[in-house]
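The next block holds one structure in the form of structure tokens; read it before the comments.
The values are calculated or read from the model by the stated rules, or taken from the named source; none is laboratory data. Keep in mind it's a predicted model, so treat the numbers as computed, not measured. Note: ideal-geometry Cβ built from the backbone for every residue, glycine included; neighbour counts use all protein chains shown. Areas reflect the complete protein model, heavy atoms only, side chains present, ligands, DNA and RNA absent. Shrake-Rupley method; radii C 1.70, N 1.55, O 1.52, S 1.80 Å.
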Amino acid sequence: MSLFLRFWVIAMSVVVLAGPVKAQTGAPAKSSASSSPTPTPAPTPIPLPDVVAQADATNGVIRELENDSSVAQARAAVQSTLPTVVAEIDLRSGETTELFSPNASLESIEELQPAWDRLGERLGGWSRNLTRAGTQLDSHIKRLTELTKTWELTAAAAKTANAPAGLLDQINATLSALHTAQAEIENRRSETLRLQAQVAEQQNRVNEALNSVHQAREGAQERLWVKDSAPLWARQPRPGISANLSQASQTTFSAQASTVAIYARKNVGQFFIHAALIGLSILALRWARRAVRDWVKADQSLQRSAPVFEAPVAAAMALSLLFLPFIYPHAPRLLRAGFGSLALIPTVMLLRRLIEHRHFPILYASVAFNFIDQLRLVLATMPTLARWVFAFETVAGIAVAAFLVQNERRDGKIKRAPPFIRIAARLITVLLLVALAANVLGYVSLAVLLGGAVLRSAYIAVLIYAGVRVLEGLSTLALEVRPLTYLHMVRHHRAVLRQRIVWVLHCFGFWAWFNVFLNLLQVQNPFYGTATAVLSAPLSFGSLQLTFGHVVAFVIAVWASFLVSRFLRFLLEQDVYERLRLPRGLPYALSTLLHYLVLLVGFFVALAALGLDFTKFTILAGAFSVGIGFGMQNVINNFVSGLILLFERPINVGDVIQVDANTGSVEKIGIRASVIRTMDGSEIIIPNGTLISGQVTNWTFSDRQRVIILQVNVAREANTTRAAELLTEAALAHPKVARQPAPLAYVVSLSAVALTVELRAWTEQYDEWMQIRSDLVIAVNQSLVRDGIALA
């Protein structure tokens, strides 16, 4: 036993001591194995019996690699378009160099950024596609190299084994095909690498241009408050200035025309889309013109939209102006100037029909300023001439603005312009005076920024107004034709919907103009950046950390939930409930429940927008629920009772109920209490808990019928049978007395001097039962007097 124990101790010691050594020596081996790549197995010759089958498989691989269309498409796309892009870069480089003069305006520099960004994105996409194609070609070459080695070993093995001549020919043919395919794919790779180098070269040019634009923008922004030119009156004559001016003008227009030609060749489809949009709009407006004329005769409120359809060509062209930024993205300056000039004719033709005659000067002035401003932008590479044109433009703008501020005397009456026009005219006057003074004194960058933003935004406002009026007309047309006319809310509330649509369009138009104005002033990014900073400002309420943006989002979410609830209930009441013919009271219950549901969802969305942690909110809600349960027992009881009233519907809106001594019609079932209007016109607010737990008499629970009881005392000697017949006939003669159940008359009591005859008649006009009873009393009295039946 001792020998066994001694052997066991020695063995365990060896294991314990050997364990760490093994772990230390094994770890590096594992690390090196994991870090080093798995060796590729060396190629081996193909067994001779498999040569024919493997040759077919190899030929299939060769055809697959040679016919790889993805690589060919990527290279073909670059090869076909790269020369055009190079030509555009050359032209834009020259234009950019000319504009980067010491007096280059910030407006001109900003116009260069989108075009260079677009070229950079395009070249970047090509570079990525060519990189993927080159990587794919490398994998093809690697695969062909491995196959070539395998077949070379197979050829050597076949010669050693004295294989038949046919088999050797098969092997040699496969090797020849592999060499040919490898050479072809290597040529493709070389072509791809060459294209990559060309694209990279153009990318460097674009990046340099973008850097230059960035530096020029920073320089122009720094020059806004710096005198960057000589005063306008300081003329410096130069020899041969006329020849230089003519040569510069010719060079400028030639370069810009070439840029437009390149853009047109690349975007032919956009021109067809624009023409198709105008053509379809003209056909639609002409088709609707006759119908609109008939609608205007029937409803004079449509007169505001009628002129849009009387000038279909001008309206279609004005409408297409709203889509120019989407149809022609990154269009050259000369093309934009051309479209802006062409837009003058349809804009004038359309707005002459839409605005008052006394506002024509505003229209003509805006059009004239746009034409002059487009000319100034085209002449941006000739600073001196552009500066004089701008001075004339600002003087004319000041004159027009001053004219708008003054009173207009027509037909012996003084007509003032609308307040917003007078306020805008005063603001424009101030800004143009500052721009004119800055231009004259030599602060050209500041002058061009202020004056150009004011004048161009005025014309853009005219264009946007024309487009909005066209959209107003189209919305009016949409509300008058199918399928919208099938909706009850359109038929019954067309005027209200039209007002809401016009309001939304005007808000959208103002928002679009405001963004354009900020962009022209070059303060769009700073404005929204400041707004974002303000919304991100932290607000601390104890341990609760919020931002002003969270609070605004919370308010907007709650407000939007009310709007959504209101619209959904309006839609249900107008177009769903009337078509489904639901039981009385169920529509109100569904609308109320939907209202609560939308508000609940909106509240949780608002909490999420507020940035609250729902885990903490759940804990707080659980903590407060106990206190709320004890402190607001009655409120919660009434709320739950209101839900029971809506689900179970023992009482519906419009029912006539009696609670204690109060009788009236149910006007509203609210979240806490219900409103009852009594017969004398007063309104009683009754908690919902009382309606559930107390005794309530519902006179109209099953139907709207009500019995009318009329008692008549006649003398004992009178003909009671005839008296009962007269009461029944009087009830049947009344149009609002129900035929089922039929009215009946009974003798209900007998006394020493009289008999009592009682009439029971039913009516479904519950709200008018007192008037009906009064009519029956008069009719019964006349019948009894006519038949000589005396009353006791």
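Please go through region 174-212 and give me each residue that is in contact with a Phe, Trp or Tyr (Cβ under 7 Å, 6 or more places away or on another chain) and within 23 Å of Leu147 (Cα to Cα), ordered by number.
Of the residues in region 174-212, the ones in contact with a Phe, Trp or Tyr (Cβ under 7 Å, 6 or more places away or on another chain) are 174-175, 178, 199, 206, 209-210, 212.
Matches in region 174-212: Thr174, Leu175, Leu178.
List pairs: first residue in region 474-491 and without any contact (Cβ under 8 Å) to a residue 40 or more places away in the chain, second residue part of a loop (DSSP other than H, G, I, E, B) and surrounded by 14 or more Cβ atoms within 10 Å (Cβ to Cβ) anywhere in the structure, Cβ distance under 8 angstrom, at least six positions apart or on different chains.
Thr485/Leu479; Val490/Leu479
Looking at region 747-786 only, could you name the residues that are open to solvent by less than 60 Å² (accessible area, probe 1.4 Å) and of a type in the set (D, E, K, R)?
Result: Glu758, Asp775.
Give me the helices (runs of 4 or more DSSP H) completely within region 688-792, filtered to those with at least 3 residues that are of a type in the set (A, V, I, L, M, F, W, C) and modelled with pLDDT of 85 or more, ordered by residue number.
Passing ranges, in order: 720-733, 769-787.
Quick one: which residue in Asn172, Asn187, Asn207 is open to solvent by 30 Å² or more (accessible area, probe 1.4 Å), under 51 Å from the mean Cα position of the chain (by Cα) and more than 22 Å from Gln79 (Cβ to Cβ)?
After ruling out the rest, the residue left standing is Asn207.
Is it true that some residue in region 28-41 is open to solvent by less than 90 Å² (accessible area, probe 1.4 Å), aliphatic (A, V, I, L, M) and at pLDDT 80 or above?
No, there is no match, as no residue in region 28-41 is open to solvent by less than 90 Å² (accessible area, probe 1.4 Å), aliphatic (A, V, I, L, M) and at pLDDT 80 or above.
Of everything in region 140-157, what is out of contact with any Lys or Arg (no Cβ under 9 Å at 6 or more places or on another chain), open to solvent by less than 60 Å² (accessible area, probe 1.4 Å) and over 14 Å from Ala55 (Cα atoms)? Give them in sequence order.
Here is the first cut: in region 140-157, the ones out of contact with any Lys or Arg (no Cβ under 9 Å at 6 or more places or on another chain) are 142-157.
Remaining after also requiring open to solvent by less than 60 Å² (accessible area, probe 1.4 Å): 144-145, 147-148, 150-151, 154-157.
Correct list: Thr145, Ala156, Ala157.
Which count do you get for residues in region 578-607 that are in a helix (DSSP H, G or I) and without any contact (Cβ under 8 Å) to a residue 12 or more places away in the chain?
Final tally of qualifying residues: 5.
Table: residues versus (1) modelled with pLDDT of 80 or more; (2) crowded, with 22+ Cβ neighbours inside 10 Å; (3) among the charged types (D, E, K, R).
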residue: Ala311; (1), (2), (3): yes, no, no
residue: Leu319; (1), (2), (3): no, yes, no
residue: Leu322; (1), (2), (3): no, no, no
residue: Leu335; (1), (2), (3): no, no, no
residue: Leu342; (1), (2), (3): no, no, no
residue: Ile345; (1), (2), (3): no, no, no
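Scan region 114-140 and report the pairs whose first residue is touching a residue at least 24 places away in the same chain (Cβ under 8 Å) and more than 13 Å from Glu88 (Cβ to Cβ) and whose second residue is among the hydroxyl-bearing types (Ser, Thr, Tyr) and surrounded by 14 or more Cβ atoms within 10 Å (Cβ to Cβ), with Cβ atoms within less than 7 Å and a gap of 6+ or a chain change.
Correct list of pairs: Leu130/Thr192; Ala133/Thr192; Gly134/Thr192; Leu137/Thr192.
Could you list, in sequence order, the residues of region 730-777 that are acidic (Asp, Glu) and either in contact with a Cys (Cβ under 6 Å, 6 or more places away or on another chain) or touching a residue at least 60 places away in the same chain (Cβ under 8 Å) (or both)?
Correct list: Glu764, Asp767.
Can you name the helices (runs of 4 or more DSSP H) wholly within region 442-524 that have at least 2 residues being exposed (fewer than 15 other Cβ atoms within 10 Å of the Cβ) and at pLDDT 80 or above?
In region 442-524, the matching helices (runs of 4 or more DSSP H) lie at 488-492, 494-520.
So if I check each of Arg706, Arg716, Arg722, Arg672, which one is open to solvent by 40 Å² or more (accessible area, probe 1.4 Å) and under 53 Å from the mean Cα position of the chain (by Cα)?
On the way: Arg706 fails: under 53 Å from the mean Cα position of the chain (by Cα); Arg716 fails: under 53 Å from the mean Cα position of the chain (by Cα); Arg722 fails: under 53 Å from the mean Cα position of the chain (by Cα).
Going through Arg706, Arg716, Arg722, Arg672 in turn, just one is open to solvent by 40 Å² or more (accessible area, probe 1.4 Å) and under 53 Å from the mean Cα position of the chain (by Cα): Arg672.
Name the single residue, out of those in region 42-74 being open to solvent by less than 40 Å² (accessible area, probe 1.4 Å) and under 21 Å from Gly124 (Cβ atoms), that is modelled with the highest pLDDT.
Within region 42-74, the match that is modelled with the highest pLDDT is Ala74.
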